[in-house]
Amino acid sequence: MIPVPSGLRVWLATGHTDMRKGFDGLAALVQDHLHQDPFSGQAFVFRGRAGRLIKVLWWDGQGLCLFSKRLEKGRFVWPGTAGAAAALSPAQLAMLLEGIDWRAPERTDRPRIAG
């Protein structure tokens, strides 16, 4: 697991993306469709049509980084609307990368009433 820096702004490119795209193609999508700067230090996450592959494009201050992950079982949870971006917290991105439903994680321990 790649650690996600705290304070990182994360954007999901909703809908599906052609996963044949690399650095330049995904950076162009960030500029043209998401209206964001791919060199801003924010992370941009893309998912393929089948839902088993995601790519993360991120500028680390020296160059663009492109991370990908393929699930062998299951699918990545993804918003359905195309043409927009959804914001995630770094914790939600970590859950997404683990294949966990980041929209409604369940607590393992319920808080107790004080007193």
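Would you please state which residues of segment 43-61 a label at His16 would reach in this model, taking the label point 7 Å out along Cα→Cβ and a backbone N cut-off of under 18 Å?
45-56
Report in % the part of the accessible area of the chain that belongs to carbon and sulfur, leaving out ligands and nucleic acids; probe 1.4 Å.
51 percent
For the Cα atoms of the chain, what angle does the longest principal axis make with the long axis of helix 23-32, in degrees from 0 to 90, nearest 10?
Taking the Cα atoms of the chain, the angle to 23-32 is about 80 degrees.
Enter the Cα centre distance for the pair segment 1-79 and segment 86-106, rounded to the nearest angstrom.
If you average the Cα positions of each part, the centres end up 14 Å apart.
Using the beta-carbon distance between Arg9 and Leu66 and R0 = 22 Å, what value does 1/(1 + (r/R0)^6) give for FRET efficiency, to the nearest 0.05?
In this case the efficiency is close to 0.80.
Lys and Arg at +1, Asp and Glu at -1: add these up for the other residues within a Cβ distance under 15 Å of Pro79 and post the number. If you can, show how the numbers build up before the last one.
On the way: positive: Arg47, Arg49, Arg75, Arg103; negative: Asp101.
Result for the local shell: +3.
Stretched out fully, how many nm does the piece from His35 to Lys73 gain, at 0.36 nm a residue minus the Cα gap?
Extending this stretch completely gives an extra 10.4 nm.
In a shell of Cβ-Cβ distance under 10 Å around Leu66, excluding Leu66 itself, what net charge do Lys and Arg (+1) and Asp and Glu (-1) give?
So the surrounding residues net to +2.
Note the full-extension length gain between Asp24 and Glu98 as 0.36 nm times their separation in residues minus their Cα-Cα distance, in nm to one decimal.
That pair, Asp24 and Glu98, stretches by 24.0 nm at full extension.
Segment 32-64: which trypsin sites (Lys or Arg not before Pro) are DSSP loop and have at most 14 other beta-carbon atoms within 10 angstrom?
Arg49
The values are calculated or read from the model by the stated rules, or taken from the named source; none is laboratory data. Values in this document were obtained by computation on a predicted structure and should not be read as measured data. Using ideal geometry, Cβ is built from the backbone for each residue, glycine included, and neighbour counts are taken over all protein chains shown. Quick note on the areas: whole protein, heavy atoms, side chains included, nothing else; ligands and nucleic acids left out. Shrake-Rupley method; radii C 1.70, N 1.55, O 1.52, S 1.80 Å.
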